[in-house]
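First the structure, in the form of C-alpha cells, and then the observations on it.
Read the figures in this text as sums done on the coordinates, not as results from a lab. No experiment lies behind these values; they were computed from the predicted model shown. Reconstructed Cβ throughout: ideal geometry from the backbone, glycine too, with neighbour counts over all protein chains shown.
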C-alpha cells in the first residue's frame, strides 16, 4: 500500500471513502476501519484548528497594519 499524504480535509475524505470501499469489499476488518476512522477524526479536527489559526493570524496582522496607519482593504 502506498503512503498517503493527508494534509487537507479533502485528502481525509478521500482516504475515508477508500477505507469504506475496502471494508465493503472485505479487504479490511471492522477493527481496522474503526481505528483508522478514529485517527482520521482527530486529524480532521487538527486540520480545521490549523486552518482557523491561520485565518485568525492573517486577520490580526491586517488589524495591526490598520492600527499603524496602513489602511488596506481585505481581499
Computed over the chain, the relative contact order (Cα-Cα under 8 Å, seq sep at least six) in percent reads 24 percent
Taking the chain and counting helices only, DSSP H stretches of n ≥ 4 at -39,500 (n - 2.57) each over all residues, the nearest-500 ellipticity at 222 nm comes to -25500 deg cm²/dmol
Taking Cα atoms only, helix 9-24 is inclined relative to the longest principal axis of the chain by an angle, in degrees rounded to 10, of 10 degrees
Stokes-Einstein, Kirkwood over Cα pairs, the chain, 4 °C, 1.567 mPa s; D in µm²/s equals 86 µm²/s
Quick calc: nm separation of the 7 Å Cα→Cβ label points for residue 27 and residue 67 -> 5.3 nm
